[in-house]
Amino acid sequence: MLCNFRARALTLVVAVLLAGCAGSTQPQRVGSNQERAAKSIGNESKAEIEFVNKSGQVVKIYWLDFDGHRNLYKTLKVGESYNQQTYLMHPWLVTDANDKAWDIFFADAQPRTVNIVVPASKQS
C-alpha cells in the first residue's frame with residue numbers, strides 16, 4: 001500500500017515538472033481521484049494562479065498542505081475570480097459547495113488562469 005501511494009505521488013510530481021517544461025497555457029490539471037496522493041512539496045519556486053468560476057454554481061478553493069489536508073482559502077460565487085500567490089508543487093483543489101472534489105490544479109512557472117467549469121463526470 002505504501003509503495004502504491006509513493007508511485008501515485010511520484011506520478012503527480014512528474015506531471016507537474018513536465019507541465020512546467022512544456023510551457024502549457026493552462027495550469028497542470030490532475031483528476032480529483034488523485035486527492036489522496038496530492039500534497040504540497042517545497043517552498044522554493046513562487047508561482048501565481050487565478051481561479052475564475054464559470055461553473056454556474058458556488059465552488060470552493062482548497063490548498064492541499066504538506067500532509068495532504070484540505071485548507072479552505074476561498075469560496076467563489078458564480079462569475080467571481082480569485083488570484084492566489086503560491087508555489088510550484090503546491091496542489092489546489094476545486095470542490096462544489098458540498099465539498100465534493102472536482103479537480104486538482106498545480107501552478108506552473110508562468111502566471112496561469114483556471115477557468116472552473118463543472119467536470120463532465122459531475123454533470124447530470
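So, in the stretch 28-62, how many residues would count as being touching a Ser or Thr at 6+ places or on another chain (Cβ under 7 Å) and free of Cβ contacts under 8 Å to residues at least 40 places away in the same chain?
3
Name every residue in the stretch 35-52 that is outside any strand (DSSP E or B) and not charged (D, E, K, R), in order of residue number. Step through it out loud before you land on a result.
First, the residues of the stretch 35-52 that are outside any strand (DSSP E or B): 35-45.
Answer for the stretch 35-52, where residues must be outside any strand (DSSP E or B) and not charged (D, E, K, R): Ala37, Ala38, Ser40, Ile41, Gly42, Asn43, Ser45.
For the stretch 53-101, give me the residue count where each residue is part of a strand (DSSP E or B) and in contact with a Gly (Cβ under 7 Å, 6 or more places away or on another chain).
2
Identify, please: which residue in the stretch 74-90 is within 12 Å of the chain's Cα centre (by Cα) and either of a type outside the set (A, V, I, L, M) or modelled with pLDDT of 95 or more (or both) and is, among those, surrounded by the fewest Cβ atoms within 10 Å (Cβ to Cβ)?
Tyr87
Under 20 Å from Thr95 (Cα atoms), among the polar types (S, T, N, Q) and modelled with pLDDT under 65: does that describe Gln26?
Yes; evaluated as a whole, the condition is true for this residue.
Okay, residues lined up against (1) more than 15 Å from Val117 (Cβ to Cβ); (2) not hydroxyl-bearing (Ser, Thr, Tyr):
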{"position": "Lys39", "(1), (2)": "yes, yes"}
{"position": "Ala47", "(1), (2)": "yes, yes"}
{"position": "Asn53", "(1), (2)": "no, yes"}
{"position": "Val58", "(1), (2)": "no, yes"}
{"position": "Gly68", "(1), (2)": "yes, yes"}
{"position": "Tyr73", "(1), (2)": "yes, no"}
{"position": "Val78", "(1), (2)": "no, yes"}
{"position": "Gln84", "(1), (2)": "yes, yes"}
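The values are calculated or read from the model by the stated rules, or taken from the named source; none is laboratory data. In this text, all values refer to a predicted model and were calculated from it rather than measured experimentally. Don't worry about glycine lacking a Cβ; one is built from the backbone with ideal geometry, like all the others, and counts go over all protein chains shown.
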